[in-house]
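K.L.:
Got a structure for you, written out below as structure tokens; questions coming shortly.
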Amino acid sequence: MDTPITAVTDEQVISSSSLISPGVTRELKGEINAMLSFALNNGLTINNEINGMLESTKLDDLLNVHSLLIKNVQPATPKSINYLNIINKDGIQETSYNKIPLVRNLIFLAIFFLITFIVTALSPEVNNDSLDKGIMENNGLSLLLNLTFLCSIAGLGVAFYLLKSVSTAVQKGTLVPEDAIYYTALIFLGVIAGIILSEIISLYTPNNSITLFNKSILALIGGFSSDAIFSVLQSLITKIKQLFSTPA
């Protein structure tokens, strides 16, 4: 008597399959190994609680080890550690200048702002009198050169801040690929913040008190602390909204 053939239903397939895919488990083990190697290479203290769970194949034990190691390697993360491993693996003999495109781009940008600063500073149109006029009373080529001069100073400030931040991130192992997007946005914020401080805020100062020196300082501070200035403006806008918002 032939055995009847029974079809496997979708419900049976789902119930028989594991909720966690093998790929996720491999990724989990890979991150554990990466964090262990990072902690050992950097002389970090490893929690002794993981000793009895390293050889375990249970998912609960792997998750516990992963959580404990994350606390040990902070402020680094598994993602930043893997990115750092990729950088070190590709071209061991190369310098950070070649291995990290973000560093190379920031150096090029800093050189560009420096050249722009020197060229505009050599122009006779950029001086105490023309800079003191600001955007309200200046015009034409003089206005363009003065604004370019201030933008270059703000750009040098933000480039200085970002190069220092990238160096610290590489040293601490916190650099991730998405930082390139954040740093690109911060460059534009820095230039805008420099113009806001040096031109717009200076409009509210007493007459004849703005000189080439302190306007340049304001532009430099604006570029260097662009994220802080953004936070201050955002907080100010929030408070203004609260004044005009009606209680529910």
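The values are calculated or read from the model by the stated rules, or taken from the named source; none is laboratory data. For clarity, every value in this text was computed on a predicted model and none was experimentally measured. Note that we place each Cβ from the backbone using ideal geometry, even for glycine, and neighbour counts take in every protein chain shown.
K.L.:
Can you name every one of the helices (runs of 4 or more DSSP H) wholly within region 1-111 that holds 1 or more residues which are at pLDDT 80 or above and either closer than 20 Å to L175 by Cβ or in contact with a Lys or Arg (Cβ under 9 Å, 6 or more places away or on another chain) (or both)?
P.N.:
Numbers: elements: 10-16, 22-41, 59-73, 78-89, 96-99.
Those helices (runs of 4 or more DSSP H) span 22-41, 59-73, 78-89.
K.L.:
So, in region 216-237, exactly how many residues are modelled with pLDDT of 80 or more and either of a type outside the set (A, V, I, L, M, F, W, C) or loosely packed, with under 12 Cβ neighbours inside 10 Å (or both)? Show your work before the answer.
P.N.:
Kept after step one, since they are modelled with pLDDT of 80 or more, are these residues of region 216-237: 216-225, 235, 237.
With the extra rule that they be either of a type outside the set (A, V, I, L, M, F, W, C) or loosely packed, with under 12 Cβ neighbours inside 10 Å (or both), the set shrinks to 216, 222-223, 225, 235, 237.
So the answer is 6.
K.L.:
A follow-up question, please. So, in region 171-202, how many residues would count as being more than 13 Å from G222 (Cβ to Cβ) and among the hydroxyl-bearing types (S, T, Y)? Even if it seems obvious, please write down each step before you answer.
P.N.:
Our first condition is that a residue be more than 13 Å from G222 (Cβ to Cβ); within region 171-202, this holds for 171-185.
Then drop every residue that is not among the hydroxyl-bearing types (S, T, Y), which leaves 174, 182-184.
Counting residues in region 171-202 that are more than 13 Å from G222 (Cβ to Cβ) and among the hydroxyl-bearing types (S, T, Y) gives 4.
K.L.:
Let me ask you something else. I'm checking my understanding of the structure. Among residues of region 44-74 that are within 13 Å of I32 (Cα to Cα) and among the charged types (D, E, K, R), which one is farthest from the chain's Cα centre (by Cα)?
P.N.:
Per the stated criteria, the residue is E55.
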